[in-house]
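One structure is given here, and the rest of the page talks about it.
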Amino acid sequence: MINKKMEDALNKQINEEMFSAYLYLAMSADFEEKGLAGFANWMRVQAQEENDHAMKIFDFITRRNGIVKLEAIAKPEQSWDSPMAAIEAAYNHEIHITGCINALVKTARELNDNATENELQWFVNEQVEEEENASKIMDKLKTIGESGHGMLMIDNELSQRAYTPINPVV
Ligand code: OFO
């Protein structure tokens, strides 16, 4: 049985992950509208992964005999001034999520909840990748530039990203 304080904190994280999905879906829509189909694809895949993150926590709570409580998801921004502005916002959001995961690990340790701490290690590793992915795109935008041929190249590269579900989700 999961501790109530841990359960509440994990439920809050489900909401963070669902907001992440919503945020990236909004970015996908914005890129789609601006004719950058590769960026739109990358963000759409990102949103699908975020949904998996939420479900991984959802399943963990139920497996520990806890109760999942879903709250309202905040409205994300709808539009960004440039591809760099959107990717930078994504990068900063991932730094925020890393902070959330670290706080959860701290709570798990304080409660001597080894099972949750162990489960959270997957997210600790995932956050290294999440920050790295956004940072790599920012680097490319800086190096190649945000107009003309360079932008087409990056957009084409991002169109290759395919969704792979977390397997198994639990
Ligand atoms: Fe983007 O890692 Fe979950 O939120």
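Values as computed for the structure displayed
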| quantity | calculated |
| --- | --- |
| Accessible area of the chain belonging to carbon and sulfur atoms, whole % at 1.4 Å probe | 52 |
| GNM flexibility winner over the chain from Q48, Q13, Q160 (Cα, springs under 10 Å) | Q160 |
| GNM top mover of L152, L104, L36 - the chain, alpha-carbon springs below 10 Å | L152 |
| Rounded tilt (10° steps) of 4-33 against the dominant C-alpha axis of the chain | 10 |
| 3J(HN,Hα) from dihedral phi, segment 96-112, Karplus parametrisation 6.51/-1.76/1.60, rounded to Hz, x for glycine, proline | 4, 5, 4, x, 4, 5, 4, 5, 5, 4, 4, 4, 4, 5, 4, 8, 6 |
| Sequence-separation-based contact order of segment 4-158, relative, with Cα cut under 8 Å and 6+ spacing, percent | 28 |
| Cut-off 13 Å between beta-carbons: net charge of the residues surrounding E32, Lys and Arg +1, Asp and Glu -1 | -1 |
| Value of Rg to Rh for the chain (Rh from inverse mean 1/r over Cα pairs, i.e. Kirkwood) | 1.02 |
| Two-site FRET efficiency, A85 against L152, from Cβ-Cβ distance with R₀ of 25 Å, rounded to 0.05 | 0.85 |
| Accessible solvent surface per residue of the chain, calculated while the other protein chains remain in place, 1.4 angstrom probe, Å² | 53 |
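The values are calculated or read from the model by the stated rules, or taken from the named source; none is laboratory data. What you see is a predicted model, and the numbers here were worked out from it, not measured in a lab. Don't worry about glycine lacking a Cβ; one is built from the backbone with ideal geometry, like all the others, and counts go over all protein chains shown. With ligands, DNA and RNA removed, areas are computed over all heavy atoms of the protein, side chains included. Shrake-Rupley method; radii C 1.70, N 1.55, O 1.52, S 1.80 Å.
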